[in-house]
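I have placed the structure first, in the form of structure tokens, so that the comments after it can refer back to it.
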Amino acid sequence: MGSGFYAPLRKILLDHGCELRRQGKGSHEIWHSPINGRSFPVAVTIASRVLANAILKQAGIVHKV
């Protein structure tokens, strides 16, 4: 389905209670975090560790990929 850091990022998001809300534009998905109540986009083709960690920060998760 994805490549790079998508699989470990998805596992961390699910472990922290985040849920996939819907498919976004192109290769993006819209996720929601119960930690801070925010929705945020996640690219399925994420290839950068820095970007993966930025997504975790948006979700309110301190864990790093």
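The values are calculated or read from the model by the stated rules, or taken from the named source; none is laboratory data. Quick caveat, the model's predicted, so the values are computed rather than measured. Note that we place each Cβ from the backbone using ideal geometry, even for glycine, and neighbour counts take in every protein chain shown. Heads up: the accessible areas ignore ligands, DNA and RNA and are worked out on the full protein's heavy atoms, side chains in. Shrake-Rupley method; radii C 1.70, N 1.55, O 1.52, S 1.80 Å.
Observations
- Of the residues making up segment 1-18, those that are open to solvent by 70 Å² or more (accessible area, probe 1.4 Å) and within 12 Å of A59 (Cβ to Cβ) number 4.
- Number of residues in segment 9-26 that are under 23 Å from K64 (Cβ atoms) and either hydrophobic (A, V, I, L, M, F, W, C) or in a loop (DSSP other than H, G, I, E, B) (or both) equals 8.
- Check on R21, of a type in the set (K, R), modelled with pLDDT of 95 or more and surrounded by fewer than 17 Cβ atoms within 10 Å (Cβ to Cβ): yes
- Here V62, V50 are screened, and the one residue that is outside any loop (DSSP other than H, G, I, E, B) and either in contact (Cβ under 8 Å) with a residue 12 or more places away in the chain or open to solvent by 80 Å² or more (accessible area, probe 1.4 Å) (or both) is V50.
- Within the span defined as segment 28-38, one or more residues are touching a Leu at 6+ places or on another chain (Cβ under 7 Å) and either surrounded by fewer than 16 Cβ atoms within 10 Å (Cβ to Cβ) or farther than 12 Å from V65 by Cα (or both).
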